[in-house]
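Supplied in structure tokens, the structure appears directly below.
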Amino acid sequence: MSTLREWLTDAGFDWANGRIVYQAVAPDAYCPGWGSPISGKFIDSTHPVLDEQFESGYGAPRCPRIIARDGVAIYFPGQYDGSTWLERIVIDLDKYVGADFIVSPYPGG
């Protein structure tokens with residue numbers, strides 16, 4: 001089981017200065033990753049969706065729909081065949097070039 005709070009913390013998200021958008025899906029939607037959003041809103045670090053546990057393995061993308069940004073990166077769920085993880089794109093594109101580059105994300109589905 002996973003939570004968004006764990007994923008964002010592990011990715012180094014700046015909780016004090018970051019912003020998070022949550023997109024809710026209909027309560028009867030099969031799963032958030034394949035459901036159409038019905039609303040979008042900014043949430044803070046106390047929002048309960050951040051602590052909801054969900055299966056991140058294969059089957060269906062159960063991770064809640066979010067996109068987050070802090071001073072370093074943009075964060076969002078990636079999925080392949082229902083298996084989900086957190087992607088992180090560094091805002092400073094210079095970090096992706098040179099001898100000590102970081103690997104660019106390559107989410108798939």
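The values are calculated or read from the model by the stated rules, or taken from the named source; none is laboratory data. Just so we're clear, the structure is a prediction, and the values are computed from it rather than from any experiment. For neighbour counting, all protein chains shown are included, and Cβ atoms are generated from backbone atoms with ideal geometry for every residue, glycine included.
Just to check your reading of the model, which residue among PRO27, PRO77, PRO61 is out of contact with any Leu (no Cβ under 8 Å at 6 or more places or on another chain) and either touching a residue at least 24 places away in the same chain (Cβ under 8 Å) or among the basic types (Lys, Arg) (or both)?
None of the others qualify; the one that does is PRO61.
Tell me the residue from ILE67, ILE74, ILE91, ILE102 that is under 20 Å from VAL21 (Cβ atoms) and over 14 Å from the mean Cα position of the chain (by Cα), please.
Just one listed residue meets the conditions, ILE91.
Name the one entry in ALA26, ALA16, ALA11 that is farther than 20 Å from ARG88 by Cα, out of contact with any helix residue (DSSP H, G or I) (no Cβ under 6 Å at 6 or more places or on another chain) and not polar (S, T, N, Q).
Matching residue, one of ALA26, ALA16, ALA11: ALA26.
Quick one: in the range 12-64, which of the residues that are closer than 20 Å to SER83 by Cβ and aromatic (Phe, Trp, Tyr) is modelled with the highest pLDDT?
The extreme case among them is PHE54.
How many of the residues making up the range 1-51 are surrounded by 13 or more Cβ atoms within 10 Å (Cβ to Cβ) and in a loop (DSSP other than H, G, I, E, B)?
Adding up the residues that qualify gives 13.
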